[in-house]
Amino acid sequence: NLKFYESLLPGGQFIRVHNSFIINRDHVKGYTYQGEIQLSENLKCSLSAGHKREFLYFFGKSPKG
């Protein structure tokens, strides 16, 4: 499962953003407030509500609300 791989990856470089996704911060190109992360090579993944605060903190943003 992803929890195993998440524990192996360096925390400053990779972040869990959804129950199905762990992403590399170097490949993040953008984020929409509808919960979609835009990655390099025109890839996209979902950002779950439960991981949103950590994601925004990871990129130095403060969550609204």
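Each of 37, 14, 51 was scored by the projection of its Cα onto the charge dipole of the chain, and the greatest displacement toward the positive side belongs to 51; charges sit on the C-beta of Lys, Arg, Asp and Glu. Across q = 0.14 Å⁻¹, the chain modelled as identical point scatterers on its alpha-carbon atoms has Debye log10 I(q)/I(0) values of -0.37, in the order of the q list.
In a simple Cβ point-charge model (Lys, Arg +1; Asp, Glu -1; nothing else charged), region 1-52 has a dipole of about 120 debye relative to its Cα centre.
Seen against the Cα atoms of the chain and their longest principal axis, helix 49-58 is set at about 90 degrees.
Bear in mind these aren't lab numbers, they're just calculated from the coordinates by the rules spelled out. For clarity, every value in this text was computed on a predicted model and none was experimentally measured. When we count neighbours, we look across all protein chains shown, and the Cβ atoms used for this are built from the backbone with ideal geometry, even at glycine.
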